[in-house]
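Reviewing the structure listed below.
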Amino acid sequence: MKNFFGNPRLQRYGRTLLILLLIIVMTGPEGNGSQPTSGFTGSFGNHMSFFGFFYPQRWVVFVLLAGIIYGVISSVKLTVHWWRNRAIFRGDTYQRISRTVVATKRRSRLKSTRLGFYALGLAFALYFPHLVTDQSWQTLVVQDVLVYLLLALGLNVVTGFAGLLDLGYVAFYAIGAYTTAWVTGSLPTPPPFGVHWNTFVAIPVAIVFAMLCGVLLGIPTLRLRGDYLAIVTLGFGEIVYLFINNSYGITGGSTGTNQIPFLSFHLGPIKYLWGLIPEPYYYLTLAFVVIFLIVFSSLEHSRVGRSWVAIREDEVAAESLGIHPLKYKVMAFAIGAASAGFAGVVTASQTLFVTPPTFTISFSINILVLVIFGGMGSIFGVVLGGLVVQGFVAYLTHSPPSVYNAADLYMYLGALLVVMMIYRPAGLFPSRRRLRELHLIEGGVAPDTLQVEIGAHRVQEDV
Amino acid sequence: MGSLIFDVQDVTLRFGGVVSLNNVTLHQNRGEILAIIGPNGAGKTSLFNSLTGVYAPQEGTILFTNSQDKSISVIGKKPFRVSNAGVARTFQASRMFSAMTTFENVKIGAESHRGLGVVGAMLKGPATRRDDRNSDQATKELLEFVGLTSQANTIAASLSYGARRRLEIARGLATKPEVLLLDEPAAGTNPAEKIELAQLIRRVRDEMGVSILLIEHDMKLVMSLAERLYVLNFGSVIASGTPDEIRANPVVIEAYLGSADAGVAEETK
Amino acid sequence: MSYFSSHFATLGHEFWGLLVGGIANGFIYAMVAIGYTMVYGVLRLINFAHSEVFMTGAFASFFLLKFLVGNSTPNAFESVVYLIAAVLIGGIVGALVALLLERVAYRPLRRRSAPKLAYLISAIGASYFLYNFVGKEFGRINLSIDAPYTNNTVFTIFGAPVQTYYIVIFFVGVTMLVTLDRLVATSKLGHGIRAVAQDAETASLMGVNIDRTIALTFMLGGFLGGVAGFLYSIPVGAVYGMGFTPALKAFSAAVLGGIGNLRGAVLGGLILGVVESLSVAFVSGAYIDVVAFGVLVLVLLVRPTGILGERLGRSA
């Protein structure tokens, strides 16, 4: 009997069946506490009729969407793969091995390839508003895709470059948004010097504020092991949320504010007002994304970026070379915080309101998903991953299929995180360096610096 | 010559109740190749860790004096500060950044002593670019010096033991140290590599003027390389002197014969 | 000055009441903290999804009590039986969920000795999946528990009433914690857990089945977590997001006592519960959750190894 159930093929089928059932229930109707089984039974058709579950349109939608996502991802990957191979190992059959062992000498070649990709992407992005003229779509793209990209690029510095798990990232976003509201005089707290400042003034103020909070939180906690950092930042995010939700006299409490003025520009004869039309916001935010891309990729390939890699790989060795680990970690943390603060200004100036529900801890998880999905540490990956995931989320928000309930978003995102960690821990478009590090850690060659002493280790397959 | 680079006075290091270093007093002259030998568990690596700021001994003083005659007290300083003062080291089980290339490993050392310069790094200003070119140049020269030029683009994890040792030496030298601490550099290398390594170490001293402090088990290597030795046993210095004096010292022979390292004692004779 | 003196006056008035409430909360934190500490012992990582074990335990007991009690008023004997049943079902479901977590979110990563960051992310994902899944299936509103007893004042300490609820928590808590302590100290399983916690490699060479030990560790922690979830939900009800805050506090308790240390977790839980309860006199209600976090940060800054110290593998 044990042999029968121990059959690996049977186990695989069993697992597949279980996953299938889980997906059916996940995409099924909502249940409720008074009829605890209704959600499950409803998933398999109305009134438990067995054949019912073959009909529901959710199957069509589900399969279709999965197909589209898969198609997009694999075609992008194929293209990237083809380009890389073309550029590096023309006609080489064992590139897969050599790629992990021998680094490429033709970095510049690869760089130009990548630049080509970015140029194509940028051209498409510039043309996009003419392609999709529906304003509700444009608004979604600005608020649900581009702003998220800004945030993901910032978190990538913390988690991807420096290898620190920051779950309270949303707090800095909130700080940025609320600083905007404060500076423009939209909060119960009077604005600085009693002047209702222009929103652009909020940008430096928010960056400095967020950065300061990042440094103050970072200095004591970044000395600790990585998992402690995660939980302390989690607590920090929760505290900031509690604060903005409860301080009616300072932040407007649970209702927040909707008094933030339109973004405008008034310098001598040059005037511009970003009004209700999303297109100008689109271009502005796109410009910010491009700036982030440029700045962070030069950061990655700078001395600072290399020091982060060194600390990530072996903190003891890095310190023996004169690198101050804490300083660099705090630096990464502060840069991440500043990016989130900046993104907060962008959001607040576009939605014109700030309310606490935007800034729950879950939001950090959403951003983390983008970073993980694309491949942490790889700017290219984070951008692509962010586009795929947030593009899909924007689609679901815009025209939700009957199987999708917006409240279930985090159920899907959570599942996605687990699936990624099991099957593609380096992300779908990983940076080659990160992949190499992962292989070396998993092969036991390189130390795992998140925690030097490793409790888990290879265990033999049970028979 | 003649001035002290390391002056260690009465250093005692304890872990809980275990005494790892007991009243250790030793000194190193500038420009000297000094070796520390002793059986396993004698406290050699603990001494290294104390000299580089990894451990903070409870008693005693460790003074490091640089070529401008400025002394710093090492005890209580963090490792990166000690490194910045001019002390470089290698590790017993070599610790490279294994997912990086040889070139990148050394380059990290070459640029680690500069300030943060984040804004410069983000904007890639002309000063940053110049710095970067200088580090590249320094890295190339060092790789040439240790003979790893042909493997500059190899991932460190796939280097041979001998090459890893040389890489670690190059990486340490890249920080422009005044003294280089080598923790068992010959471990895991073959006889041919050992000879090359000895030559390299001597060249580091002769051509770069970097003092060498060495822990080594391979007696042949130590005796041919070191100008002076200290012998540690159970955390205490039991003898010191030139290789010839050590060879003839009955206390040393006793210590080695009394320990499991009898084979080493054979070589000592 | 007057601020503090008036607050201390409040504290003086309500001291015993707050103390009793704090100890009760402390037992709940302790039971959850045990789960963190045990998993930390064998895997050296924080089980981020433990909050959902807590939550599912509460839901399981909710459904059972709804079925058993309904609109009836149970007599004394029924009360005791229902209570034991609810505790058991909460614990069993908690243990099963913990086991499932280990299987799905951890074991595949252990198989290829993934970096720690991967475990954390995987656990966070599992946690988000679980609690939103429960929210989807059972609604996102607070479900109030049909307590199988009437919450009378049983006796008073210095004028502070001690209700049935506190008695229940005290009995269940002490029973669970003592049993667990004995189990880990004396049983074969306990030896296995301690061996794995000390040195997994050597333990596996000595014939300890690592996979099974880790799974059982998760289940033990999960059982206590599930029971704690039930006890916690009796006065406040069960809701899908209920795990987050108590779990964060319990984690703080585990760190306070010294993570990896079983008795430390209990001590930390009780201290945290009491400190938090007494701080009501000084902190306004909305910010009461901040106290535990403040304690966590303070401990991490001053003494990261906790009161009793990190005694990995030498638990109990």
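The values are calculated or read from the model by the stated rules, or taken from the named source; none is laboratory data. What you see is a predicted model; the values in this text were computed from it and never measured. A quick note on method: Cβ atoms are made from the backbone with ideal geometry, for glycine too, and the neighbour counts reach across all protein chains shown. The area values use the complete protein model at the heavy-atom level, side chains included, leaving out ligands, DNA and RNA. Shrake-Rupley method; radii C 1.70, N 1.55, O 1.52, S 1.80 Å.
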**OP:** Mind putting a number on the dipole of the range B:4-268 about its Cα centre? Charges go on the C-beta only, +1 for Lys and Arg and -1 for Asp and Glu, and I need it in Debye to the nearest 20.
**Re:** 1100
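In debye, nearest 20: dipole of the protein assembly as shown around its Cα centre with unit charges on the Cβ of K, R (+) and D, E (-)? Intermediate results must be reported in sequence, preceding the final value.
Numbers: 79 positive and 62 negative charges, 472 e Å.
Its charge dipole is roughly 2260 debye.
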Original post:
Where the centre of each part is set by its Cα atoms, how far does the range B:6-28 sit from the range C:110-176, in angstrom?
Top reply: 53
**OP:** Treating the Cα atoms of the range A:106-427 as identical point scatterers in vacuum, please give the log10 of the normalised Debye intensity I(q)/I(0) at q = 0.06, 0.13, 0.15, 0.16 Å⁻¹, two decimals.
**Re:** -0.20, -0.99, -1.32, -1.48
Original post:
In straight Cα distance, which aspartates and glutamates are under 17 Å from C:Lys188, not counting same-chain residues fewer than 8 positions off?
Top reply: C:Asp199, C:Asp211
**OP:** Could you check which residue among B:Val119, B:Val222, B:Val106 shows the biggest mean-square fluctuation in a GNM of chain B with a 10 Å Cα cutoff?
**Re:** B:Val119
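Quickly rank C:259-267, B:53-61 as a protection proxy: mean count of other C-beta atoms within 10 Å, highest first.
Packing order, densest peptide first, comes out as C:259-267, B:53-61.
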**OP:** Before rounding to the nearest 500, sum -39500 (n - 2.57) across all DSSP H runs of length at least 4 in chain B and divide by the residue total; then give [θ] at 222 nm in deg cm²/dmol.
**Re:** -12500 deg cm²/dmol
**OP:** Give me the angle, in degrees from 0 to 90, between the Cα long axis of helix C:210-236 and the longest principal axis of the Cα atoms of chain C, rounded to the nearest 10.
**Re:** 10
Original post:
Using the Karplus equation 6.51 cos²θ - 1.76 cosθ + 1.60 (θ = phi - 60°), what ³J(HN,Hα) coupling, rounded to whole Hz, does each residue of the range C:50-61 give in order, writing x for Gly and Pro?
Top reply: 4, 4, 7, 4, 4, 5, 5, x, 4, 5, 4, 5
Original post:
In whole Å, what is the distance between the alpha-carbon centres of the range A:309-340 and the range A:402-428?
Top reply: 30
**OP:** For the range C:1-126, just say rounded, prolate or oblate: build the C-alpha gyration tensor, square-root its eigenvalues into a ≥ b ≥ c, call rounded for a/c under 1.5, and beyond that prolate if a/b exceeds b/c, oblate if not.
**Re:** oblate
Original post:
Can you give the charge dipole size of the range B:1-74 about its Cα centre, rounded to the nearest 20 debye, using +1 on the beta carbon of Lys and Arg and -1 on the beta carbon of Asp and Glu?
Top reply: 160
Original post:
Is the range A:173-321 rounded, prolate or oblate when judged by the Cα gyration tensor, a ≥ b ≥ c being the square roots of its eigenvalues, rounded requiring a/c under 1.5 and prolate requiring a/b larger than b/c?
Top reply: oblate
Original post:
How would A:Thr41, C:Thr156 line up by accessible area, probe 1.4 Å, largest first?
Top reply: C:Thr156, A:Thr41
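Within 10 Å of each Cβ of C:288-300, how many other protein chain Cβ atoms are there on average?
Mean partner-chain Cβ count within 10 Å for C:288-300: 3.
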Original post:
Counting every Cα pair in the protein assembly as shown, what percent are over 41 Å apart?
Top reply: 48
Original post:
Heavy-atom accessible surface, probe 1.4 Å, ligands and DNA/RNA ignored: which residues of the range B:98-135 lose at least 40 Å² versus the isolated chain?
Top reply: B:Ser98, B:Ala99, B:Met100, B:Glu104, B:Ile108, B:Glu111, B:Ser112, B:Leu116, B:Val118, B:Ala121, B:Met122, B:Lys124
Subject >> Surface/4 of the Cα convex hull for the range B:4-268, nm² >> reply: 14.9
**OP:** For helix C:116-138, report the angle its Cα long axis makes with the longest principal axis of the Cα atoms of chain C; keep it between 0 and 90° and round to the nearest 10°.
**Re:** 50
Subject >> Protection-proxy order for peptides B:12-18, B:146-152, B:29-35, each taking the mean of Cβ atoms within 10 Å per residue, highest first >> reply: B:29-35, B:146-152, B:12-18
Original post:
Hey, what angle do you get for helix C:2-43 against the long axis of chain C, alpha-carbon based, 0 to 90 degrees rounded to 10?
Top reply: 20
Original post:
For the range C:199-209, what does the Karplus curve 6.51 cos²θ - 1.76 cosθ + 1.60, with θ = phi - 60°, yield as ³J(HN,Hα) per residue in whole Hz, taken in order and with x for Gly and Pro?
Top reply: 7, 4, 4, 4, 4, 5, 5, 7, x, 7, 7
**OP:** Kindly flag which residue pairs out of A:Lys77/B:Lys124; B:Lys70/B:Lys194; B:Lys44/B:Lys176 have an alpha-carbon separation exceeding 27 Å in this structure.
**Re:** A:Lys77/B:Lys124; B:Lys70/B:Lys194
Subject >> Whole-angstrom gap from the range B:81-104 to the range A:187-227, using each part's C-alpha centre >> reply: 37
Original post:
Can you list residues whose amide H is under 5 Å from B:Asn233's amide H, if they're 5+ apart or on another chain and H is modeled 1.01 Å from N?
Top reply: B:Ile238
Subject >> HN-Hα J in Hz across the range B:164-177 - Karplus 6.51, -1.76, 1.60, θ = phi - 60°, x for Gly and Pro >> reply: 4, 4, 5, 4, 4, 5, 4, 5, x, 5, 4, 7, 6, x
Subject >> Residue (of A:Phe124, B:Tyr55, A:Leu384) at the positive-pole extreme of the protein assembly as shown, dipole from beta-carbon charges >> reply: A:Phe124
Original post:
Taking only protein heavy atoms and a 1.4 Å probe, what accessible area per residue, in Å², does the range C:204-316 have with all protein chains in place?
Top reply: 33
**OP:** Treating cross-link reach as a plain straight distance, find the aspartates and glutamates whose alpha-carbon is under 15 Å from the alpha-carbon of A:Lys327, omitting any fewer than eight places away in the same chain.
**Re:** A:Glu315, A:Glu319
Subject >> Accessible area expressed per residue, the range A:106-427, with surrounding protein chains retained (probe 1.4 Å, Å²) >> reply: 35
**OP:** Enter the mean number of other protein chain beta carbons within 10 Å of the beta carbon of each residue in C:63-71, as an integer.
**Re:** 1
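If you count, for every residue in B:75-85, the Cβ atoms of partner chains within 10 Å of its Cβ, what is the mean?
Mean shielding by partner chains, rounded to a whole number: 4.
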**OP:** Whenever you get a sec, line up A:Ser136, C:Ser187 from highest to lowest accessible area (probe 1.4 Å, protein heavy atoms).
**Re:** A:Ser136, C:Ser187
Subject >> Relative contact order [Cα under 8 Å, 6+ residues apart], the range C:2-302, whole percent >> reply: 39
Original post:
So what is the relative contact order of the range A:134-240, in percent, for Cα pairs below 8 Å that sit 6 or more residues apart?
Top reply: 32
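What quantity of accessible surface, computed with a 1.4 Å probe and excluding non-protein components, is buried in total between chains B and A, in Å² to the nearest 100? Can you show the working numbers first?
On the way: alone 12700 and 25240 Å², together 34610 Å².
Interface between B and A: roughly 3300 Å².
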Original post:
When the accessible area of chain B is split by element with a 1.4 Å probe, what percent falls to carbon and sulfur?
Top reply: 51
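Only Cα pairs under 8 Å and at least 6 apart count here; give the relative contact order of chain B as a rounded whole percent. Walk me through the numbers on the way to the answer.
Working: 486 pairs, mean separation 67.4, N = 269.
For chain B, the relative contact order is 25 percent.
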Subject >> Summed buried accessible area for A+C [probe radius 1.4 Å, Å², rounded to 100] >> reply: 5700
Original post:
Tell me which lysines have Cα within less than 25 Å of C:Lys249's Cα, excluding those fewer than 8 residues away on the same chain?
Top reply: C:Lys116
